[in-house]
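Peer 1: Before we start, here is the structure in question, set down as structure tokens.
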Amino acid sequence: LYHVLLEWNYKLRKYNLDKQYKMAHMRVPPKLPEGFKEWICVYPIYINKEKTLAEGRRIKKSIAVKHPILPELMDVMGPTGLQIVGEPNKIHPREKSKEPGNWGRIRVQIKNLDGSIVNEKFKSRDDVFIHLATMIPQLKSRNQPKTNPDDKKKGKGKRK
């Protein structure tokens, strides 16, 4: 009887520890909008001037942007009124460089669940690509010159 009680006590403690461990390490996923899997995907490679059509670019090179990144896509699409979901851990299958700077995609809702268009300005995915390509160069992060600490005058000055 003593062995049975010990075994039962061991199983109960193991179950409680496993349950506590699972509860402590369980992540609650963020609530995603309904039907977001049907939204269009936009990878930075689609509007990258440095890529060829075979490598995944989807718009003309003359309007494409040099090295777009996920935060720029999010910044530009935020004020449009469309629902967007950023997925930073995704990478395009044709992306050769696996560096984290090239990761990410956004999902954009251009149609409702019933098939009606959300915003008349964005009727197709091409409209979204063109909007991104025209607005990213106007971002402050692209227009502000980068200041180098090496640009300051170096030399011997008079000591006081």
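Peer 1: Per residue, how many Å² of accessible area does the range 43-128 show with a 1.4 Å probe? Provide the component values of the computation, followed by the final result.
Peer 2: Values: 4970 Å² over 86 residues.
On a per-residue basis, 58 Å².
Peer 1: Just the number, please: carbon plus sulfur as a percent of the accessible area of the range 36-142, 1.4 Å probe, no ligands or DNA/RNA counted.
Peer 2: For the range 36-142, the apolar C and S fraction of the accessible surface comes to 53 percent.
Peer 1: Related question: Let me spell out the model: positive unit charges on the Cβ of Lys and Arg, negative unit charges on the Cβ of Asp and Glu, origin at the Cα centre of the range 36-142. What dipole size does that give, in debye rounded to 20?
Peer 2: Details: 20 positive and 12 negative charges, 76 e Å.
With Lys and Arg at +1 and Asp and Glu at -1, about 360 debye.
Peer 1: Sticking with this one: In Å, what Rg and Dmax follow from the Cα atoms of the range 36-142?
Peer 2: Reported Rg and Dmax, both Å: 13.2, 38.
Peer 1: Before anything else, pin down the relative contact order of the range 36-142: Cα pairs under 8 Å, at least 6 apart, normalised by residue count, whole percent.
Peer 2: The normalised contact order for the range 36-142 reaches 33 percent.
Peer 1: Going down the table (Lys98/Lys123; Lys31/Lys60; Lys96/Lys123; Lys37/Lys123; Lys96/Lys140), which pairs top 27 Å between alpha carbons? Could you put the intermediate results ahead of the total?
Peer 2: Values: Lys98/Lys123 32 Å; Lys31/Lys60 36 Å; Lys96/Lys123 31 Å; Lys37/Lys123 18 Å; Lys96/Lys140 29 Å.
The pairs that break the limit, which is 27 Å between Cα atoms, are Lys98/Lys123; Lys31/Lys60; Lys96/Lys123; Lys96/Lys140.
Peer 1: Along Cα→Cβ, 7 Å out, is where each label goes; now give me the distance between the ones at Lys121 and Glu50 in nm to one decimal.
Peer 2: 2.9
Peer 1: Next question, about the same structure. If R₀ is 41 angstrom, what is the calculated FRET efficiency for the pair Asp114 and Asn89, using the beta carbon separation as r and rounding to 0.05?
Peer 2: E(calc), rounded to 0.05, equals 0.85.
Peer 1: Using the Cα centre of the range 36-142 as origin and beta-carbon charges of +1 (Lys, Arg) and -1 (Asp, Glu), tell me which of Gly78, Thr52, Asn89 is placed farthest towards the positive end of the dipole.
Peer 2: Thr52
Peer 1: Here's something else I'd like to know. Just subtract the alpha-carbon distance of Lys61 and Ile130 from 0.36 nm times their residue separation and send over the number in nm, one decimal.
Peer 2: Values: separation 69, 0.36 × 69 = 24.84 nm, distance 1.13 nm.
Using 0.36 nm per residue and subtracting the Cα-Cα distance, I get 23.7 nm.
The values are calculated or read from the model by the stated rules, or taken from the named source; none is laboratory data. If you're wondering where the values come from, they're calculated on a predicted model, not measured in any experiment. Methodologically, a virtual Cβ is constructed for each residue, glycine included, from the backbone with ideal geometry; neighbour enumeration extends over all protein chains shown. These area figures cover heavy atoms from the full protein model, side chains too; ligands, DNA and RNA do not enter into them. Shrake-Rupley method; radii C 1.70, N 1.55, O 1.52, S 1.80 Å.
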